[in-house]
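The values are calculated or read from the model by the stated rules, or taken from the named source; none is laboratory data. Note that this is a predicted model, so its numbers are computed, not measured. Reconstructed Cβ throughout: ideal geometry from the backbone, glycine too, with neighbour counts over all protein chains shown. Ligands, DNA and RNA are excluded from the accessible area calculation, which covers all protein heavy atoms including side chains. Shrake-Rupley method; radii C 1.70, N 1.55, O 1.52, S 1.80 Å.
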Amino acid sequence: MEDERPAQVKLLGEALPAARSMVRYLSGSGYATRVSPAGSLRRMKETVETLDMVASSSRPAKLVQHFCAHMDAHRILSRSAHRAAVVLKDGFRVDLRVVNDALYAPVLRYQTGSTRHNHALEEYAAGQGMLVREPGLIDPGTGRQVSFAEEHELFEALGLPYIEPELREDRGEIQAAARGTLPDLVRYSDIRGDLHVHTRWSDGAHSISECAATAAGMGFDYIVICDHSRSAQFPHGLDASGIRDQIREIEHLNRERSGIRILSGIEAGIDAAGNLDIAGPVLQDLDVVIASVHSSFRMSREEMTGRITGAMHCDAVDIIGHPTGRILLKRPGYPLDFGQVLKTARDMGVCLEINAHPRRLDLPDILCQEAKGSGVIFAIGSDAHRKENLWFTDLGVTVARRGWLESHDVANTLTGDDLIRLFNR
Ligand SMILES: [Zn+2]
Ligand SMILES: [Zn+2]
């Protein structure tokens, strides 16, 4: 068929706005009582193949009809009175499941998955003499089905605290819940600022002042301007005199502006030998120095590990940017001995970045979880090159949460003064 399109895998950063818009669309129909994304989107996985939606309605056929009439619906894959699957014009697949109100919470829980988490929870329940299935909890003695108005009631019935969707990957969350050692996950509202913003001073689209105003509007207390240092990859980056000029502008803006504090930083490149592509006393004048690999990716594991740990030994370095170098849906990270990177970061007091650009999400969540408890602090940076992209910090929080991180693990939860203290240690 000519207009047949393959399923489009979306980055979380693209899928999340699509999901929010779909929630608004379905809620606006007047036929939905409750509606939520489920599946990998609700778990905030870094890429999303299908957007699963769960809704409750007393007029399910009407809601399904409204869903299929969405202006971006390109093709209807399947449709019945209680469910439908459509492919949107951009190739993204959306599945809607409509249930009655009593089944909403149990079905939402089940459809949120992951499959492995669901199996593990079913096994745990079986160990308690109970049956957990999609429609809820079944008492094996009486065969009676117990349904729930809210998800947490199901966990409570099993003697467990609520397990946040981001943790439902079968990475030890059920055991931790049973032991009472689930993390108190960092919240979106805990984030006080963005630690990695590009401006027109290098390859960004907006001025420092425009970025600061947007960040202030988001309720941030501070942003760190981290333009590129000058290099072969970034010929329009800053040299030492450019950095001094930028610091002067930041000082000027800080005197004028109330409501947000602008910190000065740089994103320096790490050369193949592990040295920064900018050196000298000017680095001491900056509040924050991020060091990132932007070139020479083809190195052995030992060489790349030595390169990055070498940069951490540089006094000025506060944060290692996008530590694994992966680009989602494009290339895996370079080979790295992460244990060694982690150990050096701890010993040298260097933060590891959670680069929140939708294409990066680097560190990956699984490495955050591995690193948790090592004493290393994580720094969320939007890597925004436009003021509209400062919201990417939210994506960094999704990674942190999926990586079991708590507020005290994340530098962005500090006040501006404490942040400066952290980087001046
Ligand atoms: Zn970078
Ligand atoms: Zn950057």
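Protein heavy-atom surface of the chain, 1.4 angstrom probe: 48% of the accessible area is carbon and sulfur, with nucleic acids and ligands not counted. Distances longer than 13 Å among the Cα atoms of region 220-286: what percent of all pairs is that? More than 13 Å apart: 64 percent of the Cα pairs in region 220-286. Computed across region 347-413, the Kirkwood radius stands at 11.7 Å (inverse of mean 1/r, all Cα pairs). Restricting the calculation to Cα atoms, region 188-423 shows an Rg/Rh of 0.93 when the hydrodynamic-style radius is the Kirkwood one. Ordering Val98, Val146, Ser296 by the projection of their Cα atoms onto the charge dipole of the chain, which places +1 on the Cβ of Lys and Arg and -1 on the Cβ of Asp and Glu, puts Val98 at the extreme positive end.
Stretching Ala69 away from Ile327 to a fully extended chain increases their span by 89.4 nm, per 0.36 nm per residue minus the current alpha-carbon distance. In terms of distances greater than 23 angstrom between alpha carbons, the cross-link table entries Lys45/Lys372; Lys10/Lys89; Lys45/Lys343; Lys10/Lys343 yield Lys45/Lys343; Lys10/Lys343.
How much of the pair distance distribution for region 34-165 lies past 18 Å, counting alpha-carbon pairs only, in percent? More than 18 Å apart: 57 percent of the Cα pairs in region 34-165. The relative contact order of region 81-188 comes to 21 percent, based on Cα pairs under 8 Å that sit 6 or more residues apart. The dipole here belongs to the chain: it is taken about the Cα centre, uses +1 on the Cβ of Lys and Arg and -1 on the Cβ of Asp and Glu, and is about 1180 debye.
Computed over region 10-99, the convex hull of the alpha-carbon atoms projects to a mean area of 4.8 nm². Using 0.36 nm per residue, how much length does the chain from Glu210 to Leu77 gain when fully extended, once their Cα-Cα distance is taken away? Between Glu210 and Leu77, full extension yields an extra 43.4 nm.
Debye sum, Cα scatterers, the chain, no solvent: what log₁₀ I/I(0) at q = 0.09, 0.10, 0.12, 0.13 1/Å? After summing over all Cα pairs, the log10 values are -0.64, -0.77, -1.01, -1.12. For region 10-99, the relative contact order is 26 percent, taking Cα pairs closer than 8 Å that sit 6 or more residues apart in sequence and dividing their mean separation by the residue count. Restricting to bridges with both residues inside region 263-372, how much of the DSSP beta-bridge set is antiparallel, in percent to the nearest 5? Restricted to region 263-372, the bridges split so that about 25 percent are antiparallel. Here the Gaussian network model covers the chain, with springs between Cα atoms less than 10 Å apart; of Asp318, Asp184, Asp362, Asp184 fluctuates the most. Applying 0.36 nm per residue to the separation of Ala272 and His408 and subtracting their alpha-carbon distance, the gain on full extension is 45.6 nm. Put Lys387, Lys343 in order of accessible area, highest first, and with a 1.4 Å probe you get Lys343, Lys387.
Can you give the FRET efficiency for Glu164 and Asp347, using 1/(1 + (r/R0)^6), R0 = 35 Å, r = Cβ-Cβ distance, to the nearest 0.05? The formula returns an efficiency of 0.65 here. Computed over the chain, relative contact order equals 12 percent, with contacts defined as Cα pairs under 8 Å that lie 6+ residues apart. With the Kirkwood sum run over all distinct C-alpha pairs, region 103-179 has a hydrodynamic radius of 12.2 Å.
Among beta bridges from DSSP that stay inside the chain, the antiparallel ones total about 45%. Computed from the C-beta positions of Ala279 and Ser258 and an R0 of 45 Å, the FRET efficiency is 0.80 to the nearest 0.05. Here the spin labels are modelled as points 7 Å beyond Cα on the Cα-Cβ line, and at His119 and Arg133 they lie 1.9 nm apart.
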